[in-house]
Each structure stands twice: as structure tokens, then as C-alpha cells.
2 protein chains.
Amino acid sequence: MAWPDTVAPVALDRAYRLINHGPTVIVSAGEGVEANAMAVAWCCALDFAPPKLTVVLDKATRTRELVEAHGTFAVSVPTVAQAALVRGIGTDSAHRVPDKLQRHGVRWVDAPEAGPPRVAGCVAWLDCRVLPQPALQAAHDLFLAEVTAAWADTRVFRDGRWRFETADDELRTLHHVAGGQFYAIGSPLKT
Amino acid sequence: MAWPDTVAPVALDRAYRLINHGPTVIVSAGEGVEANAMAVAWCCALDFAPPKLTVVLDKATRTRELVEAHGTFAVSVPTVAQAALVRGIGTDSAHRVPDKLQRHGVRWVDAPEAGPPRVAGCVAWLDCRVLPQPALQAAHDLFLAEVTAAWADTRVFRDGRWRFETADDELRTLHHVAGGQFYAIGSPLKT
């Protein structure tokens, strides 16, 4: 088992940079055949080192049940090339569409590291461990988590920076507005 | 007093769409000469209706003291045209640079509505009321808030959707990676 050749680990104190620009992400959890994944726009960095993040997971979702049961999940950062996949797993619930992952083409990364299931074809991944906040989870669907490992595709993230402008536009991150309206991330600002 | 002609209110149940695509924002609070503002990348929607959001405010900042003292703040969504302003108020603290707002060209919206100070020249504004979470604020610098009013510039946000592609590129939102590296939001995906 191995990550694709283009993928490299990201130092933990730089992991926040993988989501700092506000991409829509995929949250996945569970093991084996019960593993599931959903699209999530409401995921945000919370701390630098150790890196932490927040994520909002609706009570109606199967993925949330798996996050609560396992205490771990992955955040995968999808691309323009995966827009149909993201729309599909953001719309269908495994409760109503048991084969939603197959239907929308979700495959797992074939990585040597143990951990939560990570979505293949993305450009960044953050393994997360839930920092239990039962009251927040119940009242606001808000989960706090510590990032325990991170990787990125070096075609678009190298030396701690995104490099979208030097890669295929299909590898740009997705930014959801509402109802399936997405923007791709755009041009870097001159410094 | 009046908003610019191009600004219109946004229905509360659509307010989340103003930040759903992950822009870097400006958080401002306080009254009169003590009002202050800071750039914030870690701001995220939390609920649809009533709309809520989360924001991470470091303990070292003057703006956080004002948010805690007043219980209200504004989230303003800045543009490419304001990149220097955003960099400036994201770097300087009013504790060390008392004239930081003047130095970086921050002006307040001249609006008829009472409320927190809102930054002029931005393309969206969300008035917020803190939902006190003393333990979260102390341990994680994490604030929960309800959005009580919202406005947007109709040149780029109309009928509940962003319309960056039909306006000047200078009105695109900013997305911070780290250390002053920003991307502008890019192209809409075909549906």
C-alpha cells in the first residue's frame, strides 16, 4: 500500500494551511464496509500547534454517527475534478441511499498509515481525533478535533504553500455557496 | 446616513451564504473612538436559521476585548481591492499600534441602522450577537454568535448568490493561506 507518488506528509504546524482558504471538504469516518463520507462546507481551523479544527455535522447524517462512535475522522480536500462526487455525497445520505459511496465514485486512499478512511483523488488530507464536547455537539452540531497527521498533493501544495497557479485547473479547491453553486479558488494576489 | 446605493439587505436565512465559500473576513467591535477591527481567517457558518457563525479571536487582540465587553460585533467581507488594508489590520494590533485603523485606511460604513461598527468598502456585512460560551472562549478562543442582520453589495451578491464573474475582479473575496499569501475566489463551476 502506498500514497500516490505526488503525495507527501505535511508538518503538523502547517496543517492549518490546508483549510485556511476556506475550501469545502469531505468528512469521512468508520471502518471497512460501514465507512462513510459526506461533503461539509462548515469546517474551519481552530488552532496552529497542535493543530485543531471545527466541523459542523448534522445529526441526521450517518457520518456523524460514525464520528461519534469512532472518535476519529478524516478531512479530505476535494478538487474541481471531483465536483460531481462532492455534490453527490453532499446530497445523498447513507441512511436513504446505502450505496451512496459507490454511486458517486468514492474510493479510499490506499495508504500504509492506519487511521480513518481518506478519500482518494483529493489534494489534502487531515486525520482528526475528536475533542469531546458533548454539550456543543448536542446543541450546535459542532465538533472540535485535533489534527494528528496531514498530507498534501505536492502538485498543488509544496513548502507550506498552495501552488494552484502552477498546476492543472482541475486540481483547484472547491468553495460551496449554496444549492450546488461552487466556485473554484482563483488567482494568487501579488505581494 | 445611508448605505452606498449598491448595498441591499440580505434575508437572514440566506446570510450564511455570505461566508459559506470560506473568505477571510474582518471582525470589528466597540463604539466611537475605541472601535477596532482585525482580519480573521477562522470564521465559519454554524447554522442556517436563525443564522449562526463561529469565529476564533486570539486573547492578545484588542478587538476580542471589545467583543467580550460589548457582546456584539460585525463580520465584514473584504475584497481584492482591500488586500493591503486586510494585511495591515491582520498584522498590527491596536495594543502596539494605537492608530492602526487610520494607518491602514479603515473607515466605517455610514449606515442608518444602529449596531457594531462595519468596515466600509467591503462586499458583505453580518451583524452578530455573542452566544456566550465562557469555557470555549477561554480554552479555545472560540466564539459562537447569532447573525442579527446582513447586507451585501448587489454588484457581486444578488438573489441569494454570489455573482463575482459579472463584476470587477477587484470585488472578489480574499482567501488567506498563511503569512500574507492570499488567493482571490475564482470561477464558478458549471452545473
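The values are calculated or read from the model by the stated rules, or taken from the named source; none is laboratory data. In this text, all values refer to a predicted model and were calculated from it rather than measured experimentally. Note that we place each Cβ from the backbone using ideal geometry, even for glycine, and neighbour counts take in every protein chain shown.
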How many residues does region A:61-77 hold that are in contact with a Ser or Thr (Cβ under 7 Å, 6 or more places away or on another chain), surrounded by fewer than 23 Cβ atoms within 10 Å (Cβ to Cβ) and not polar (S, T, N, Q)? 1
Among residues belonging to region B:45-57 that are facing chain A (nearest Cβ under 10 Å) and more than 12 Å from A:Thr54 (Cα to Cα), point out the one that is surrounded by the most Cβ atoms within 10 Å (Cβ to Cβ). B:Lys52
When residues of region B:57-88 are filtered for being of a type outside the set (Ser, Thr, Tyr) and within 22 Å of B:Trp151 (Cα to Cα), how many remain? 14
Based on this model, can you work out whether B:Ala150 counts as free of Cβ contacts under 8 Å to residues at least 12 places away in the same chain and away from chain A (no Cβ under 13 Å)? no
When only residues in region A:165-191 that are aliphatic (A, V, I, L, M) and within 14 Å of A:Ala83 (Cα to Cα) count, which is farthest from the other protein chains (Cβ to nearest Cβ)? A:Leu171
Which of the residues belonging to region A:154-167 are assigned to a strand (DSSP E or B) and surrounded by fewer than 22 Cβ atoms within 10 Å (Cβ to Cβ)? A:Arg158, A:Arg161
Residue list for region B:173-191, filter: surrounded by 17 or more Cβ atoms within 10 Å (Cβ to Cβ), in a strand (DSSP E or B), out of contact with any Ser or Thr (no Cβ under 6 Å at 6 or more places or on another chain) and of a type in the set (A, V, I, L, M): B:Val177
Here are some conditions: (1) away from every other protein chain (no Cβ under 13 Å); (2) closer than 29 Å to A:Gly160 by Cα; (3) in contact with a His (Cβ under 7 Å, 6 or more places away or on another chain). A:Val109 meets all but one. Which one does it not meet? (3)
Among (1) within 14 Å of another protein chain (Cβ to nearest Cβ); (2) surrounded by fewer than 21 Cβ atoms within 10 Å (Cβ to Cβ); (3) more than 29 Å from A:Asp168 (Cα to Cα); (4) not hydroxyl-bearing (Ser, Thr, Tyr), which single condition is A:Arg96 missing? (1)
Scanning region B:1-38 for residues that are assigned to a loop (DSSP other than H, G, I, E, B) and aliphatic (A, V, I, L, M) gives B:Met1, B:Ala2, B:Val10, B:Ala11, B:Ile19, B:Ala35
Flag for A:Thr79 being away from chain B (no Cβ under 14 Å), among the β-branched types (Val, Ile, Thr) and within 22 Å of A:Ala11 (Cα to Cα): no
Return yes or no: is A:Val123 of a type in the set (Val, Ile, Thr), in contact with a Ser or Thr (Cβ under 9 Å, 6 or more places away or on another chain) and within 12 Å of another protein chain (Cβ to nearest Cβ)? no
Of the criteria (1) modelled with pLDDT of 95 or more; (2) surrounded by fewer than 17 Cβ atoms within 10 Å (Cβ to Cβ); (3) in a loop (DSSP other than H, G, I, E, B); (4) not aliphatic (A, V, I, L, M), which one A:Glu170 fails: (3)
Check every one of the helices (runs of 4 or more DSSP H) wholly within region A:48-134 and list those with 2 or more residues that are among the small types (Gly, Ala, Ser). A:83-91
Listed by first then second residue, the pairs whose first member lies in region A:66-78 and is under 30 Å from A:Asp169 (Cβ atoms), whose partner is among the basic types (Lys, Arg), with beta carbons under 6 Å and at least 6 positions apart or on separate chains, are A:Ala74/A:Arg118; A:Ser76/A:Arg118
May I ask you to verify whether B:Trp162 is facing chain A (nearest Cβ under 9 Å), among the hydrophobic types (A, V, I, L, M, F, W, C) and out of contact with any Asp or Glu (no Cβ under 7 Å at 6 or more places or on another chain)? yes
Among the residues of region A:133-144 satisfying the criterion of being under 14 Å from A:Ala69 (Cα atoms) and touching a residue at least 40 places away in the same chain (Cβ under 8 Å), which is surrounded by the most Cβ atoms within 10 Å (Cβ to Cβ)? A:Phe143
Residue match in region B:14-21 (condition: within 21 Å of A:Lys52 (Cβ to Cβ) and either of a type in the set (Gly, Ala, Ser) or within 11 Å of chain A (Cβ to nearest Cβ) (or both)): yes
